[in-house]
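Written out below as structure tokens is the structure these notes cover.
The values are calculated or read from the model by the stated rules, or taken from the named source; none is laboratory data. Because the structure is a prediction, the values reported are computed rather than measured. Every residue, glycine among them, receives a Cβ derived from its backbone with ideal geometry; neighbour counts consider all protein chains shown. Heads up: the accessible areas ignore ligands, DNA and RNA and are worked out on the full protein's heavy atoms, side chains in. Shrake-Rupley method; radii C 1.70, N 1.55, O 1.52, S 1.80 Å.
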Amino acid sequence: MSEDARFSVVIPTRNRPELLARALHSALAQRHVGFDILVVDDGAGEGAEAARRLAGREVEILRTGGAGQVPARNLGVRSARGRWIAFLDDDDWWAADDHLAGLAAELSRGAGLAYASGRIVREGPEGAVLEEIALDARCDPASIRQDNTLLVPGVGYARALHERFGLYDESLTIYWDWDWYLRLSAGGVVFAASSGNAVRVSVREGTASAPDNVAVRAAELDRLCRKHGLTGVTLKNHDVIAHEQAARKMRKTHLTSRC
């Protein structure tokens, strides 16, 4: 694939080198599409050291000095050279080596943003898997104003969109991604679903979407709704959305079996 068709994979990280190793290995394993990797260390330097040890010259390492996760993402965007951008958080991973290739197929057909579905993985101490549940990321301009089903590590988009829509809103520390999708959708950007479902999103204690962070999330959701004029939006995370989807599927299967 030509140089200008490469992905820039941005991996923000903060003091979680053992999780970063999993994310990095899954990124380095990608095939059938060119890419480079930018690890943005927002912590004390453990991520930078881990990246040098695990990947050597195959990654570019950036430092934020602890500015925060959204400034870290913006630094990655400003430093990206690929035609397309994909994010992979340090605690998430791609379970197949063709994830980026699947996104590239949709972007090459003219989509401004492509996305893949995946699974929410609830992890306990030392990475023990407590539960896995599928999440269908499919969305449209109406549904994105009610729920954010898009998984950050499942999304790829044209880097040129930042020239038109600017960087991520650093005043939104949690819903920066939903804000970005709403801005793109309102601007007429075409979203397309990839056939892939290799995205794995980790849910653990202490994450932004954890139950003990409800008050902070509610306040930020209110700011997001006021910014975009959203109404009737319910506070929920991807884990909740995945369980709601599973419940609807079960009800549908039950009704079909009764017919």
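How much accessible area per residue does the chain have, in Å², with a 1.4 Å probe?
On a per-residue basis, the chain sits at 47 Å².
Mind checking the dipole of the chain: about its Cα centre, +1 per Lys or Arg Cβ, -1 per Asp or Glu Cβ, Debye to the nearest 20?
Roughly 760 debye, rounded to the nearest 20.
Given a 1.4 Å probe and every protein chain left where it sits, what share in percent of the accessible area of the chain is carbon and sulfur?
51
Using +1 at the C-beta of Lys and Arg and -1 at the C-beta of Asp and Glu, which of Val199, Ala29, Gly102 has the Cα lying farthest in the positive direction of the dipole of the chain?
Gly102
Hey, which aspartates and glutamates would be in cross-link range of Lys249, C-alpha to C-alpha under 20 Å, not counting anything within fewer than 8 residues on its own chain?
Reachable aspartates and glutamates: Glu131, Glu132, Asp136, Asp140, Asp147, Asp239.
Could you let me know the centre-to-centre spacing of the range 1-63 and the range 128-180, using Cα atoms, in angstrom?
About 20 Å separates the Cα centre of the range 1-63 from the one of the range 128-180.
Reachable lysines from Lys227, Cα under 25 Å, same-chain residues fewer than 8 places away excluded?
Straight-distance partners of Lys227: Lys236.
May I ask you to list the aspartates and glutamates whose Cα is less than 13 Å away from that of Lys252, ignoring any residue fewer than eight positions away on the same chain?
Glu244
Per residue and in cubic angstrom, what volume does the convex hull of the Cα atoms of the range 1-144 have?
So the per-residue hull volume is 126 Å³.
Taking 0.36 nm per residue of sequence separation and subtracting the Cα-Cα distance, how much length would be gained by fully extending the chain between Val214 and Ser79, in nm to one decimal?
45.3 nm
Hey, can you grab everything whose amide H is under 5 Å from the amide H of Phe35? Only 5+ residues off in sequence or another chain; H modelled, so Pro and N-termini drop out.
Phe7
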